[in-house]
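Colleague: What follows is a single structure, and I will ask about it in a moment.
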Amino acid sequence: DPGAGGVPPDGPARHRTRAGVAGRTRGALRRLTSARKRRWAVAGLAVLVCLVGLVSYLGTRSGPEPGDDQAGRPGGVPAGATRPTGLPGAEGRTTEAGLAAPNLRPRQRPPSPDPTPSVSVPAAPPPSPSGSTPVLSVSRAEVPAEVDLTAVGSRDWMHWGLHGGNSTVRKRAGSGEIIDGGGAGTRVGWDGNQEVVSWRDGTSERSVRGSPNGVYTCGAGNGFSLAVAGSGEPRVVQLYAGTWMARGRLEARLSTGGPVRTARLEDPYTSQSAQFTIRFQLPKGARLVLTWTVEKVFTEHCGNVGIQALAVR
């Protein structure tokens with residue numbers, strides 16, 4: 001109980017001054033703020049270090065792995081490269097032997113607006129003077145989207161594979177200058193060529209439009225042997241041929257001797273086709289001899305060469 005005068009017996013009450021309490025509170029706040037700033041600084045530094053490390057890692061992963069090529073598969077084969085399916089939209093074509101057709105890759109150029117080749121013939125090589133070197137040349141070009149054998153084979157033409165590996169069609173009333181000499185390997189028919197052929201004067205099939213058929217033979221050293229008889233006049237021969245995962249070698253020579261011309265066609269990953277043009281002049285009784293063979297294969301699964309047609313004008 002308070003004593004006399006209302007003063008507690010233990011003396012007057014002691015109270016903290018407002019200024020002292022406020023000073024200590026502000027000091028504590030400053031210390032708390034400093035501690036928070038230090039934690040934020042440490043956290044920010046850690047985030048920065050992580051970002052630098054991530055950028056450095058991504059930089060090292062932007063290129064190909066050691067030992068991988070740009071195609072994305074060991075050995076240089078492009079990722080996703082598979083046996084082509086031939087004409088766009090035509091899936092699952094097979095041969096009469098039950099094998100997947102070699103086919104040719106989808107066209108990389110727009111189709112010709114006029115699939116019928118012009119009947120105008122380039123200037124044939126001039127006659128060779130008596131005793132001079134025989135005329136023989138070979139060139140290569142892309143195959144038109146559609147080949148009209150009636151037009152390009154004004155003297156003679158021959159087509160292979162319409163009804164299988166042993167099937168041939170010839171020009172009705174042609175000159176008979178084309179000779180099929182066979183060749184090493186087994187011929188297999190297929191119907192997956194990206195370019196097609198047509199004719200209106202054939203035998204045993206009188207008229208066909210847009211045939212993708214042809215024949216091929218697998219394995220290094222195998223191929224086709226063809227010949228064209230000489231007539232004494234300059235001649236132009238066109239061979240429509242292709243390869244699948246192989247290098248094909250065309251050799252042209254004259255039965256009378258003289259120069260030998262060669263041309264090659266190669267695609268290690270898929271198929272390729274070409275129109276070979278051979279110009280020559282030989283007397284009657286002599287022959288132009290053509291061999292189209294597999295020089296090298298790039299797969300264990302039937303690297304091959306194939307033919308569709310040969311035309312003479």
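Colleague: Do you know which residues across the range 147-170 are surrounded by fewer than 24 Cβ atoms within 10 Å (Cβ to Cβ), free of Cβ contacts under 8 Å to residues at least 60 places away in the same chain and out of contact with any Pro (no Cβ under 7 Å at 6 or more places or on another chain)?
Modeller: T150, L162, H163, N166, S167, T168, R170
Colleague: Separate question: Hey, among I278, I307, which residue is closer than 23 Å to W160 by Cα, touching a Ser or Thr at 6+ places or on another chain (Cβ under 8 Å), assigned by TED's automatic domain parsing to the domain that holds W199 and among the β-branched types (V, I, T)?
Modeller: Of the residues listed, the single one that is closer than 23 Å to W160 by Cα, touching a Ser or Thr at 6+ places or on another chain (Cβ under 8 Å), assigned by TED's automatic domain parsing to the domain that holds W199 and among the β-branched types (V, I, T) is I278.
Colleague: Pull up the range 202-227, narrow it to residues that are within 15 Å of T293 (Cβ to Cβ) and hydroxyl-bearing (S, T, Y), then point me to the one that is surrounded by the fewest Cβ atoms within 10 Å (Cβ to Cβ).
Modeller: Going through the qualifying residues, I end up with S225.
Colleague: Can you tell me which residue within the range 245-297, out of those that are of a type in the set (G, A, S) and part of a strand (DSSP E or B), is farthest from A309 (Cα to Cα)?
Modeller: A246
Colleague: Working carefully through the options V215, V228, V237, find the one that is in contact with a Gly (Cβ under 7 Å, 6 or more places away or on another chain) and either closer than 17 Å to Q308 by Cβ or in contact (Cβ under 8 Å) with a residue 40 or more places away in the chain (or both).
Modeller: None of the other options fit; the residue is V215.
Colleague: Can you report the number of residues in the range 153-194 which are of a type outside the set (G, A, S) and closer than 15 Å to L310 by Cβ?
Modeller: 17
Colleague: Mind checking which residues of the range 298-312 are assigned to a loop (DSSP other than H, G, I, E, B) and β-branched (V, I, T)?
Modeller: T299
Colleague: While we're here: Being modelled with pLDDT under 95, in the same structural domain as R155 (by TED's automatic domain parsing) and of a type outside the set (F, W, Y) narrows it down to one residue among G248, G232, G221; which is it?
Modeller: Numbers: G248 fails: modelled with pLDDT under 95; G221 fails: modelled with pLDDT under 95.
So the residue among G248, G232, G221 that is modelled with pLDDT under 95, in the same structural domain as R155 (by TED's automatic domain parsing) and of a type outside the set (F, W, Y) is G232.
Colleague: Please enumerate the residues belonging to the range 229-244 that are part of a strand (DSSP E or B) and either at positive phi or not polar (S, T, N, Q) (or both).
Modeller: Narrowing the range 229-244 to residues part of a strand (DSSP E or B): 229, 234-244.
A229, P234, R235, V236, V237, L239, Y240, A241, G242, W244, listed by residue number.
The values are calculated or read from the model by the stated rules, or taken from the named source; none is laboratory data. Quick caveat, the model's predicted, so the values are computed rather than measured. All Cβ positions, even for glycine, are placed from backbone atoms using ideal geometry, and neighbour counts span all protein chains on display.
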